[in-house]
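The values are calculated or read from the model by the stated rules, or taken from the named source; none is laboratory data. All figures in this text were calculated on a predicted structure; none of them were measured in a lab. Positions of Cβ are generated from backbone atoms using ideal geometry, with glycine treated the same way; all protein chains shown enter the neighbour counts. These accessible areas exclude ligands, DNA and RNA; they are computed on the full protein's heavy atoms, side chains included. Shrake-Rupley method; radii C 1.70, N 1.55, O 1.52, S 1.80 Å.
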Amino acid sequence: MAIACLIPADDFRLWWRTPKYFGTAEALLTALLLGVFVTGTLVPNLIKRRRHDSRKPHEIVTVGQQKVLLWAGRVFLILALIGYVTWAVAAVSRGYGAQQLYDALALQRGVLQSARGEYLTTVPGITTLTQVGPLALICLLLDRRISGRRHTLGLVALASFGLARGFFNTERIALMELAVPVIVLAATAFPKGRRRQHSILWAMLPLLGPLVLATVFGALEYTRSWNDFYARHSDTGFIGFVLRRLGGYYATSSNNSAILLAHDSTNSPIPIYTGPFLWNFPVVRSFVHIDNSATNGTDYRSYLYARYGNLEFNTPGGILPSIIDYGLFGAVVWWGAVGLLIGICYHSMRSGELRGIVLYAVIYVGILEMGMLFYWGLGRAFPLIVGGLITWMLLHRARARED
């Protein structure tokens, strides 16, 4: 929001080839909705809960919960591997072979982008199973810490498939979905240092986040945009390109939100921007249609970006589009409710509850992505959230039964 607000309109056109729509009014609306969200996250931690004293020793993880955690990790692992293997077999059947693999590893210009559209298209309903990989990863890592079982083969398989997906399918968010839960788990389970200096250093590690983000983004963008096009057409060096490109993703996301608020005239009974996963269900798609006659059959949002912005930067922003779905008052209620749910999950994690650790680790990606898109409403997040909630309920039932 700050980048979009402070950068002049001339630089928007020069750097990202789009007019600037994001102004003071949009910044105030964003700040309002962010404030409501943050307030919602704080509520569960401000409420004083009475805890009944018990003479029995308190167990953080019960035997029943350990069994649920182990089986959940194994089931999610099997489902994720089925999705990845099916995806790989489909790519080979479409003609992806040794030559394409060599060209990709050699970073031949345009190879990764063309392979993504020609060979690595998804298999609907099957490759979606890969999205439970982060749940498998967290469950197996927790079981490894609690029981001592190593799960080396499963963890290596998940990491290998995830890295291959991020590179060959140029899918940065897939790497985030694996790396971020592990970081959250490490921060949660890291033993508290006895020395004050260690605690301070650990607490300040998040300040390195922007540097890590820029480094990882630059490494991945080298294989996507720089090597294919901008190395020959950019007016800056690689570092300048990375900073301008990274800032552009966030600035244009806020700007795209303003474009959508100004020009999106669709009236849909289903939320378009906060619930896009609903549109992937065959029954819904067959009965609910949006009149896009002005777009000549193209995607309506892409049509708006092409006409008013830059289609190359096509993330809609994660905060303001909720106003299109629910109106301003509804958006305030919506973000307060989302913040409250996130706060409940966070409070559960802070209390050392296993269910809270599992669920919060996999949904935390959505908090990091709020500036660019509403991650929790995407089709790729739907299996994660459903699987996480099922695991939450099973762990809760196991604990209640043994208590």
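Summary of computed values
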quantity	calculated
Members of region 4-31 found to be among the small types (Gly, Ala, Ser) and touching a Lys or Arg at 6+ places or on another chain (Cβ under 7 Å), listed by number	Ala9
Residue list for region 129-141, restricted to those being over 12 Å from Gly162 (Cα atoms) and open to solvent by less than 10 Å² (accessible area, probe 1.4 Å)	Leu135, Ala136, Ile138, Cys139, Leu140
Enumerated helices (runs of 4 or more DSSP H) restricted to region 1-116, each holding at least 3 residues that are in contact with a Ser or Thr (Cβ under 6 Å, 6 or more places away or on another chain) and at pLDDT 85 or above	63-93
Of residues in region 117-128 being assigned to a helix (DSSP H, G or I) and loosely packed, with under 14 Cβ neighbours inside 10 Å, the one modelled with the highest pLDDT	Glu118
Of residues in region 339-362 being within 30 Å of Asn267 (Cα to Cα) and open to solvent by less than 20 Å² (accessible area, probe 1.4 Å), the one nearest to the chain's Cα centre (by Cα)	Ile342
Complete set of residues in region 142-162 that are in a helix (DSSP H, G or I), open to solvent by 30 Å² or more (accessible area, probe 1.4 Å) and of a type outside the set (A, V, I, L, M)	Arg144, Arg145, Ser147, Thr152, Ser160, Phe161
Identity of the residue in region 314-337, surrounded by 21 or more Cβ atoms within 10 Å (Cβ to Cβ) and under 16 Å from the mean Cα position of the chain (by Cα), that ends up farthest from Gly247 (Cα to Cα)	Ile319
Residues being open to solvent by less than 30 Å² (accessible area, probe 1.4 Å) and modelled with pLDDT of 85 or more - total across region 208-239	3
Some residue of region 191-199 being among the hydroxyl-bearing types (Ser, Thr, Tyr) and loosely packed, with under 13 Cβ neighbours inside 10 Å	yes
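Each row is one residue, and each column tells you yes or no for (1) closer than 24 Å to Leu34 by Cα; (2) among the charged types (D, E, K, R); (3) not in a helix (DSSP H, G or I).
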residue	(1), (2), (3)
Phe167	no, no, no
Pro181	yes, no, no
Thr188	no, no, no
Leu213	yes, no, no
Thr223	no, no, no
Thr236	no, no, yes
Leu243	no, no, no
Ser253	yes, no, no
Asn267	no, no, yes
